[in-house]
Amino acid sequence: MGDGRQLVPGVVGALVRLARGAAGGAGHAVAEAVRARLRLMPEGARAVAAIEAGPDDPRARAELTAAVTQLLAIDRGFAQYLTTTELGGPTDPTTVQLRVDPGKPSTVQLRVDPKESSTVQLRLDEAATGARGLAARRSNTAVIVTLALVLITALVALGIHLGSRPLLHPNGPDFAHAARTIRDPAQVQGVLPDAAAMPDGWQVASGPRSGTGSGPDAPCLLPDACDQQLAYATVTFSATAVPSAQFTVATFASPEAAGRAFGTRLDLVDARGDATAATIPPIGDQSAARTRGASTAELVVRVGSTLLSVHYEGPGAAIALPGLTPFARLLTERAQQAAAGCTPDAVFHGTAA
């Protein structure tokens, strides 16, 4: 499937049509899902806002093209999904054949036009039935039509296009590639990097540990609504005895709850009195960094309804801070993959602190 570049023009075109307010059409529902997925990325959110402000602006289209290219290169699972949709699938109608008898060629064909995904054609191949008799033909047709209607009903009940193309609601919590709230501690733990995802020389020092709600490794960050904190996971890596980097992931019932938790986490760090705000490049939906003294630094990032932190202990925290940014990006990318319904597999890129 490559890096998904062959899909970019079609996806961008669908997003531009969406920005212009075009209703329906090929790929409309899938384009909404792509737009929701882009909004999980800072660059994608800016590109979507730009194209919606000026659908005919060449610069906005170029920015959108770059963001879509980045998304499909990062999330190969999502790119693979798009190849099965109207934005990447075949242009010929999809045909499903239901045979009456494996030894006889009589068939009814279910034909689906990708451009008109709600259209279903039932066609009996009468030429193949020959002179077997009108009564037998009618009997066979009744059986096949019944089976076909059962099949169609089942697919519609599941919210699926014929041709195995899912109908996605971009904001739904349980549909493929929608931004999902992660509740299972095992899935939250999957966001954490393992040794294979880290730079050479970094090994697990403790953990990983995970649980529901809050606990000693992840205190409640919403004192007035602890039930909004769903699950957590944490692991600590070290290169030698020092430095060490602790990764923590906490999920919340909504992006708004995670946003409040983001503020609470920073308040807790600032309350210690020796914290200093540090400048870092934008990461995720919200990001901030603090140093405390000469040996402690912390980066906090919010991605949708997930809160992430990288806590560093070691010499020269302020000097090491720029080298911690790739660690935060690694955790952010893995959280985005999990929110999109993919298995996190992002690995570290950059220079280790």
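Annotations for the structure displayed:
- Where labels lie 7 Å past Cα in the beta-carbon direction, separation of Asp57 and Asp267 in nm: 3.6
- Between Arg5 and Ser254, full extension at 0.36 nm per residue minus the direct alpha carbon distance yields a gain of 86.4 nm.
- Peptides 57-65, 333-341 ordered by packing proxy, namely the average of other Cβ atoms within 10 Å per residue, highest first: 333-341, 57-65.
- Additional length obtainable on full extension of the chain from Asp227 to Ala186, 0.36 nm per residue less Cα span: 12.9 nm
- Cα-centre dipole for the stretch 282-353 with unit charges at Cβ (Lys and Arg positive, Asp and Glu negative), debye to 20: 120
- Qualifying trypsin sites (Lys or Arg not before Pro) in the stretch 229-286, where qualification requires a DSSP coil assignment and no more than 12 other C-beta atoms within 10 Å, comprise Arg272.
- Global form of the stretch 257-353, assessed from the alpha-carbon gyration tensor, a/c cut-off 1.5: oblate
- Put a dot 7 Å past the Cα of Ala45, heading toward its Cβ, do the same for Thr83, and the two dots end up 3.1 nm apart.
- Order by protection proxy (mean Cβ within 10 Å, highest first), peptides 40-53, 210-223: 40-53, 210-223
FYI, it's all coordinate maths here, none of it is from the lab. Note that this is a predicted model, so its numbers are computed, not measured. All Cβ positions, even for glycine, are placed from backbone atoms using ideal geometry, and neighbour counts span all protein chains on display.
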